[in-house]
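What follows is a set of notes on a single structure, which appears directly below.
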Amino acid sequence: MSARRNGPSIRTRTPAELRRTRRPRAHSCWDHLYAAPLWPLHGANLGTLARTCDAVGACLTVPRFPWVPEALARGNTLRQPLCTHWTGDPLGWLAKQRGRGARIVGVELADEAVRLADLPPAREPTVMVLGHEQTGIPPEALDLLDACVEIPMIGTGASLNVAVAGSLALYKLAGLL
């Protein structure tokens, strides 16, 4: 015998209903929230971050590595243009963003890091910096950060995959968590 629910039944929204509640077209540049995986190792992580950027309304800034365009094309399952900024000089780009008044937040294990749960939503232009999958954010880039965010872990691993960590931090910065 199966249990019956006494409360209201759950109804999922149709794709047409979802489309009506979202922005009518892709943005050209939100210029408010950026995901910046500036030292990527794996293309799959860039594809996942591209999808998250679309979901939260963020732009993506990536380095001009030869394999990056293909990784983004493969990962963009929405087949809509993504607001992508390119840089051949990650440190120079970060300094420029800082100079224009953007807050630079690194996802990194650091003594001064704020726990993800305590990270406030972005209320000003904000760049979320992600480092290399194995070595993190380079020391010379750490000096350009205004803050670090740490994602607490209970298990035995030292860190999360860059795409997962970046997606969690983007949702938090976007005010959607």
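The values are calculated or read from the model by the stated rules, or taken from the named source; none is laboratory data. Because the structure is a prediction, the values reported are computed rather than measured. We place every Cβ from the backbone using ideal geometry, glycine too, and count neighbours over all the protein chains shown.
Quick one: is residue 44 touching a residue at least 60 places away in the same chain (Cβ under 8 Å) and surrounded by fewer than 16 Cβ atoms within 10 Å (Cβ to Cβ)? So residue 44 passes the test. Here the strands (runs of 3 or more DSSP E) wholly within region 58-177 that include at least 3 residues being within 23 Å of residue 47 (Cα to Cα), in contact with a Ser or Thr (Cβ under 7 Å, 6 or more places away or on another chain) and without any contact (Cβ under 8 Å) to a residue 40 or more places away in the chain are 59-63.
The single residue among 156, 135, 126, 84 that is β-branched (Val, Ile, Thr) and under 17 Å from residue 51 (Cα atoms) turns out to be 84.
Condition check for residue 104 on (1) modelled with pLDDT under 95; (2) over 21 Å from residue 152 (Cβ atoms): one failure, at (1).
Let's see how each residue does on (1) acidic (Asp, Glu); (2) modelled with pLDDT under 95:
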| site | (1), (2) |
| --- | --- |
| 35 | no, no |
| 40 | no, yes |
| 46 | no, yes |
| 64 | no, yes |
| 67 | no, yes |
| 70 | yes, yes |
| 87 | no, no |
| 97 | no, no |
| 120 | no, no |
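The residues in region 68-123 that are within 16 Å of the chain's Cα centre (by Cα) and among the acidic types (Asp, Glu) can be counted, and the count is 1.
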